[in-house]
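Any read-out appearing in this document is the output of simple, stated calculations on the displayed coordinates, not a laboratory observation. All values reported here derive from a predicted model rather than from experimental measurement. Note that we place each Cβ from the backbone using ideal geometry, even for glycine, and neighbour counts take in every protein chain shown.
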Amino acid sequence: MSFDLERVTSQLVTGEISWSLHYEPECESTQDLAREAVAGGAAPGWTVTTDLQRHGRGRRGRSWTAPVGQALLFSTVLQPPVDVLPLLPLLAAVTVAGGVELSTGAAPELKWPNDVLLNGKKLAGILLERPPGSLVVLGVGLNANQSAPELLEGATSLAVEVGHPVNREDVLAAILNDLSNAYERADREGVDWILPGWRSRTSMLGKPVTFRRDGVLQHGLAEDVGIDGALLMRTADGSRLSVVAGDVDLVRPD
Ligand code: BTN
């Protein structure tokens, strides 16, 4: 199994981020490779992809697994403009969805804080980590070519949804180009477009959601997202809660 980096590079549009692409046939986690690269002085735009992770990480201490060569698994080093930082989880989801749509025609929906769904099932997960210093490592695990039996319950893949295998290289190039465009737009216009961009791709606002905070299940209505990226919720007793991504486990939009 291999990954054609040249096919990705040839599609990248030169912009604000200078991409430097790397491929490892297998690794523990692309997040670890990116963190090591940062420790070794890698610049923003350093990106690594793999066919197999032995210890892929998900959010909130979970693991992330995928069969060899079927998923798009990558981590990229970013230095977002400072005003973008709080909105980066939402922006990352918007750019992954945008890249998927551009490269395959499938239009994903977003679930706060940064799940990417197709037809109500999880297509991609996003993990943001802050190694020491000012850089951020963005990790994306996207179900590209898994068949239905290879997917966990509640998950789907691009191949399942569009009915044919997709080219992982094309999807990666489209996501990186969308990220680059987002940087430039933030420089030009500020960050006011990010929340509307996220809202336009979600169907969870106005709907009941259940989340777990400190082990306790709570129910409420998802009203909006705030300028700090928090989910604004109305609970059953009428009080308003601002829910920060690291604090809670969103069990489900009901
Ligand atoms: C989630 O829990 O939804 C986030 C999953 C993020 C998985 C990706 S796969 C590439 C990168 N390397 C990792 O170890 N994790 C991220």
Practice prompt. Hey, can you tell me all the residues within the range 153-169 that are surrounded by fewer than 19 Cβ atoms within 10 Å (Cβ to Cβ) and in contact (Cβ under 8 Å) with a residue 60 or more places away in the chain?
Written response: ASN167
Worksheet item: Does the range 18-76 hold any residues that are hydroxyl-bearing (Ser, Thr, Tyr) and more than 20 Å from ILE175 (Cα to Cα), and which are they?
Response: SER63, THR65
Worksheet item: Would it be correct to say that GLU161 is under 27 Å from GLU16 (Cβ atoms), of a type in the set (Asp, Glu) and part of a helix (DSSP H, G or I)?
Response: no
Worksheet item: Taking the range 32-67 as the search range and keeping residues that are in a helix (DSSP H, G or I) and under 13 Å from PRO131 (Cα atoms), which one is farthest from the ligand (Cβ to nearest atom)?
Response: ALA39
